[in-house]
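S.K.: Before we start, here is the structure in question, set down as structure tokens.
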Amino acid sequence: MVSPRPPLARITLPRRLPDLLRRERLLSFLHENVYRKLILVSAAAGLARSAGGAAASVAGPSFVLTLVVYVVLIALAGEAVQLPLAFYQGVTLERRYGLSTQRSGRYWRGFCRRG
């Protein structure tokens, strides 16, 4: 039994927006490193705008306080991204290769103290 073909509208590419931002440096980096096993491109879409809106709502009309809250929010978001990678590097890999016998709870206590 032959399945029916999907309508043409479902398989056409979306049209490009005229204000598309081209990232030449990123594109050239990806083309140069296409042979690598893993390339991670991390970009939190809308994070800066969301953090700016949250900072403005918390700080009120004060520009300096809004700026401080914004910087703190961006720093916390960066830490949230780095935290699992730091744990993997500091505990999981070291245990795997016999470089450490430290338990996870002890790692987290030390991590919070160093903070």
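None of the figures in this text is laboratory data; all of them are computed from the coordinates on show. Source: prediction; values computed, not measured. Backbone-built Cβ (ideal geometry, glycine too); neighbour counts: all protein chains shown.
S.K.: Need one number: nm distance between label points at Ser57 and Arg36, each 7 Å from Cα along Cα→Cβ, rounded to one decimal.
M.R.: For the pair Ser57/Arg36, the computed spacing is 3.7 nm.
S.K.: Could you derive backbone 3J(HN,Hα) for the range 94-106 from the dihedral phi with the Karplus parameters 6.51, -1.76 and 1.60 (θ = phi - 60°), listing whole Hz in sequence and x where the residue is Gly or Pro?
M.R.: Working through the residues one at a time gives 5, 5, 4, 9, x, 8, 8, 10, 5, 7, 4, x, 5 Hz.
S.K.: For a test of the definition: using alpha carbon positions, the gyration tensor, and the 1.5 limit on a/c, classify the range 69-111 as rounded, prolate or oblate.
M.R.: prolate
S.K.: What does the charge count around Cys112 come to, taking other residues whose C-beta lies under 15 Å from its C-beta (Lys +1, Arg +1, Asp -1, Glu -1)?
M.R.: +4
S.K.: Summing +1 for each Lys or Arg and -1 for each Asp or Glu, what net charge is found among the other residues whose Cβ lies under 15 Å from the Cβ of Leu30?
M.R.: Here the count lands on +3.
S.K.: Moving to a separate point now. For the range 59-74, take each phi angle, set θ = phi - 60°, evaluate the Karplus expression 6.51 cos²θ - 1.76 cosθ + 1.60, and give the result in whole Hz per residue in order, putting x for glycine and proline.
M.R.: Calculated HN-Hα couplings, in order: 7, x, x, 6, 5, 5, 5, 4, 5, 5, 5, 4, 4, 5, 4, 5 Hz.
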